[in-house]
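**Q** Please find one structure pasted underneath; my questions will follow.
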Amino acid sequence: MDQGQGIADLQGNAQHIEDAYCTQSDRAHRKKFGQVFTPPRLAALMADWVCAIKPQTVIDPAFGTGALARAVWDRSPKTQIIGYDIDPVVCDYVADLSYENMTLKCENYLAHQLNNIAGFIANPPYIRQRDLECGEAMRQNLSARAGHAIPKSANIYIHFCTKMILELAQGGRAAIIIPSEWLNANFSTSLKAMLIERDCLKHIISFSHDTALFDDAMTTASILLLERPHD
Ligand SMILES: C[S@@+](CC[C@H](N)C(=O)[O-])C[C@H]1O[C@@H](n2cnc3c(N)ncnc32)[C@H](O)[C@@H]1O
């Protein structure tokens, strides 16, 4: 990312849907569901990576107001886009924003086992393990599928990343934005092991800690660009 680019430029000015949702929703509600929305410039960068392979289907497992899905749609309107979001409030909010080939399921992505997905684009929620409902059963199930124990201290975004890596098709791509802490944290050992073992990490874009990328949250950010090799 060009150091000279200002924050306003990184965020872009096409955030009306997200801005309106933030204005009319309660901050505590957004915090509970980990609702921090991806700025358009970052969504564009992530969608470029995923859409370059012309995937038939792209999944956004943490849809929110659809910033990432819209970036995919802009580039590839024929791609089938499926979103999941667990929050009925945000699902209701975007129910009227209908795009051809885009489906939103108001469901928990972590409760669905998927397979052979050509593309993922995601800004998973940042929620601590102790605040998760049914966290332990989910952690054990995902750890067994991954072949690596996800530490109890892991934030929910580690669960999302693990699940997406497991579900990616051969040749499939994923673009995932998460806080940079995973790079140094103990709770990400299982994720790092999977990335190395499966040889799917192609690039990491890490933003400097003093870059305030998000309107509504103080968090660091890094983008993982993944591609699953063919067997
Ligand atoms: C960080 S926001 C990202 C929203 C949007 N994709 C974006 O990039 O702007 C994460 C979203 O995930 C949703 N969420 C939280 N837990 C979830 C779960 N278990 N399954 C599906 N969605 C979930 C939240 O309601 C929130 O809207």
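Rule-based calculations on the coordinates, nothing more; no lab input. In this text the structure is predicted, and so the values were computed from the model without any measurement. Glycine also receives a Cβ, built like all others from the backbone with ideal geometry; neighbour counts cover every protein chain displayed.
**Q** If you bin the C-alpha pair distances of segment 110-231 every 5 Å from 0, what whole percents do you get?
**A** Bins of 5 Å from zero give 2, 11, 22, 24, 21, 13, 6, 1, 0 percent of pairs.
**Q** Just check segment 7-227 against the gyration tensor rule for me: Cα atoms, a ≥ b ≥ c as the square roots of the eigenvalues, rounded for a/c under 1.5, and otherwise prolate or oblate depending on whether a/b exceeds b/c.
**A** Because its axes are fairly even, with a/c under 1.5, segment 7-227 counts as rounded.
**Q** State which entries of K31/K163; K31/K54; K31/K202 exceed 28 angstrom in Cα-Cα distance in the structure shown. Before the final figure, lay out the partial values.
**A** Numbers: K31/K163 23 Å; K31/K54 34 Å; K31/K202 31 Å.
In this structure, K31/K54; K31/K202 exceed 28 Å between Cα atoms.
**Q** Next up: Can you check what the net charge comes to around W49, using other residues whose Cβ is under 12 Å from the Cβ of W49 (Lys, Arg +1; Asp, Glu -1)?
**A** Net charge around W49: +1.
**Q** Same structure again: Shape verdict for segment 32-110, please, from the Cα gyration tensor: rounded (a/c under 1.5), prolate (a/b greater than b/c) or oblate.
**A** prolate
**Q** Hey, got the dipole for the chain? About the Cα centre, +1 on K and R Cβ, -1 on D and E Cβ, debye to the nearest 20?
**A** Values: 21 positive and 26 negative charges, 127 e Å.
Dipole about the Cα centre, nearest 20: 620 debye.
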